[in-house]
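Below is one structure, written out as structure tokens; comments come after it.
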Amino acid sequence: SIVSRSKEMIGAVESALDELKVRIISYKLHGVTPDETYYTVESYSEDLRRWRGVISIQSNQRTLLSKNNIVLLSKNIAFVFIGWKYSVTTDGGKTWHKWDGESELPNWKCCASDLIQRVIMSPDGNGAMTLRFKPNSSLEVMQLRTQNYGKSWKAD
């Protein structure tokens with residue numbers, strides 16, 4: 001039998017620069033166990049005249065949405081992060097490169113909704129990502145560096 005699931009939006013943040021638009025939506029799905037919060041990052045495609053999914057996570061920990069999670073460096077370059085995922089576009093939102101802590105961090109057990117604490121990026125593509133691991137982890141804080149807007153990251 002098909003189970004009907006209703007979606008209850010909890011919150012959203014959105015940023016725009018020229019035609020580049022990015023948003024994060026948080027929501028609950030009713031009729032789903034376990035009771036978790038879902039987060040979806042979307043970008044608006046002017047060509048298609050609709051919102052497209054970029055990355056999604058589901059978490060048993062609620063994360064406060066902030067415009068600090070979406071950074072528009074120019075009309076072509078933007079990045080967004082939530083939980084343990086990061087994504088960047090350098091072509092105005094047409095394509096997105098994704099980084100997932102679950103697959104990129106050896107020995108890290110998913111999923112901390114606040115793993116990525118902060119990302120800073122300069123207009124030339126050099127940047128840093130600060131990660132905070134769970135208290136029971138052998139690592140507490142880690143810095144990753146990039147020279148290509150976060151298409152690839154290396155530990156300090």
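The values are calculated or read from the model by the stated rules, or taken from the named source; none is laboratory data. The structure presented is a predicted model; accordingly, all values stated were derived computationally and were not measured. Note: ideal-geometry Cβ built from the backbone for every residue, glycine included; neighbour counts use all protein chains shown. Note: accessible area is taken over every heavy atom of the protein model, side chains too, but ligands, DNA and RNA are not part of it. Shrake-Rupley method; radii C 1.70, N 1.55, O 1.52, S 1.80 Å.
Quick notes
- Listed by position, the strands (runs of 3 or more DSSP E) inside region 1-88 whose residues that are within 11 Å of the chain's Cα centre (by Cα), surrounded by fewer than 17 Cβ atoms within 10 Å (Cβ to Cβ) and at pLDDT 80 or above number at least 1 are 50-59.
Conditions tested, residue by residue: (1) out of contact with any Cys (no Cβ under 6 Å at 6 or more places or on another chain); (2) part of a strand (DSSP E or B); (3) open to solvent by less than 50 Å² (accessible area, probe 1.4 Å); (4) at pLDDT below 90.
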site	(1), (2), (3), (4)
92	yes, no, yes, no
99	yes, yes, yes, no
108	yes, no, yes, yes
137	yes, no, yes, yes
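- Residue selection: residue 118 fails the criterion of being assigned to a strand (DSSP E or B), basic (Lys, Arg) and open to solvent by less than 70 Å² (accessible area, probe 1.4 Å).
- Listed by first and then second residue, the pairs linking a residue in region 49-66 that is touching a residue at least 12 places away in the same chain (Cβ under 8 Å) and over 15 Å from residue 13 (Cα atoms) to a residue that is open to solvent by 60 Å² or more (accessible area, probe 1.4 Å) and assigned to a loop (DSSP other than H, G, I, E, B), with Cβ atoms under 9 Å apart and 6 or more places separating them unless they lie on different chains, are 60/34; 60/35; 61/114.
- In region 17-71, the residues that are touching a Gly at 6+ places or on another chain (Cβ under 6 Å) and of a type outside the set (Ser, Thr, Tyr): 20, 42, 57, 65
- None of 146, 95 is closer than 25 Å to residue 12 by Cα and without any contact (Cβ under 8 Å) to a residue 40 or more places away in the chain except 95.
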